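The block underneath contains the structure these notes are about, expressed in structure tokens.
The values are calculated or read from the model by the stated rules, or taken from the named source; none is laboratory data. Keep in mind the model is a prediction, meaning the values are calculated, not measured. Cβ placement follows ideal geometry from the backbone for every residue including glycine, while neighbour counts extend to all protein chains displayed.
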Amino acid sequence: MKLSDLKPHAGSRTKRVRIGRGHGSGLVKTGGKGGKGQTVRSGGGKGPNFEGGQTPWFRRLPQRRGVSQKARPTKIFRTEFAVVNLADLASWDSNLTVTPEALLEAGLISKPKDGVKVLGSGDAPSSLRFRNVRFSTAARSKLEAAGATFED
């Protein structure tokens, strides 16, 4: 075998089609593009929003502008809370008030986000004081039973 004997496998390299090179090529007048006009041009044709000339959707529905999208998973439309469970507060010193800043310093939350919310999983520690914190219904009832005080 010699270097001059090497050639690619049959059919692996197709010959490029030369468009508009005489009647014998079969691709003369329109060059495989069909008719004439808008669709033949580079980038031609209608966009994906074109509705055949009728008034498009985004112009028919002006009442949709500015509608709240709180259900969508984008941060600008919803409030996100940093979450703390009652079980996380089991070792909390009862002399300290539970605030978002104190929870951040203690390392129980990484960011205060739009606020801090206490959830009710775990047992409620006794006689804690809370300020600027939200609660789930279960957490509030457990904390009230344990003698917690709430300041707003």
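Mind listing just one residue for me: the one in the stretch 105-148 that is touching a Leu at 6+ places or on another chain (Cβ under 8 Å) and without any contact (Cβ under 8 Å) to a residue 24 or more places away in the chain and, of those, farthest from residue 76 (Cα to Cα)?
Residue satisfying both the conditions and the ranking: 146.
Return the residues of the stretch 17-44 that are loosely packed, with under 10 Cβ neighbours inside 10 Å and within 33 Å of the chain's Cα centre (by Cα); say none if nothing qualifies.
Scanning the stretch 17-44 gives a single hit, 43.
Residues that are among the hydrophobic types (A, V, I, L, M, F, W, C), more than 19 Å from residue 152 (Cβ to Cβ), exposed (fewer than 12 other Cβ atoms within 10 Å of the Cβ) and touching a residue at least 24 places away in the same chain (Cβ under 8 Å): does the stretch 79-88 have at least one?
Residues of the stretch 79-88 among the hydrophobic types (A, V, I, L, M, F, W, C): 81-84, 86-87.
With more than 19 Å from residue 152 (Cβ to Cβ) added as a condition, the list becomes 83, 86-87.
Subsequent filtering for residues that are exposed (fewer than 12 other Cβ atoms within 10 Å of the Cβ) retains none.
The answer is no; no qualifying residue exists.
Kindly indicate which of 126, 110 is closer than 14 Å to residue 87 by Cα, loosely packed, with under 14 Cβ neighbours inside 10 Å and small (Gly, Ala, Ser).
Exactly one residue qualifies, and that residue is 126.
Being part of a loop (DSSP other than H, G, I, E, B) and under 16 Å from residue 109 (Cβ atoms) is the filter; apply it to the stretch 67-81 and report the residue that is modelled with the lowest pLDDT. Break it down stepwise before answering.
Taking the stretch 67-81 as the starting set, the residues that turn out to be part of a loop (DSSP other than H, G, I, E, B) are 67-74, 78-80.
Next, only the ones that are under 16 Å from residue 109 (Cβ atoms) stay: 79-80.
Numbers: 79: 83, 80: 87.
Out of the qualifying residues, it is 79.
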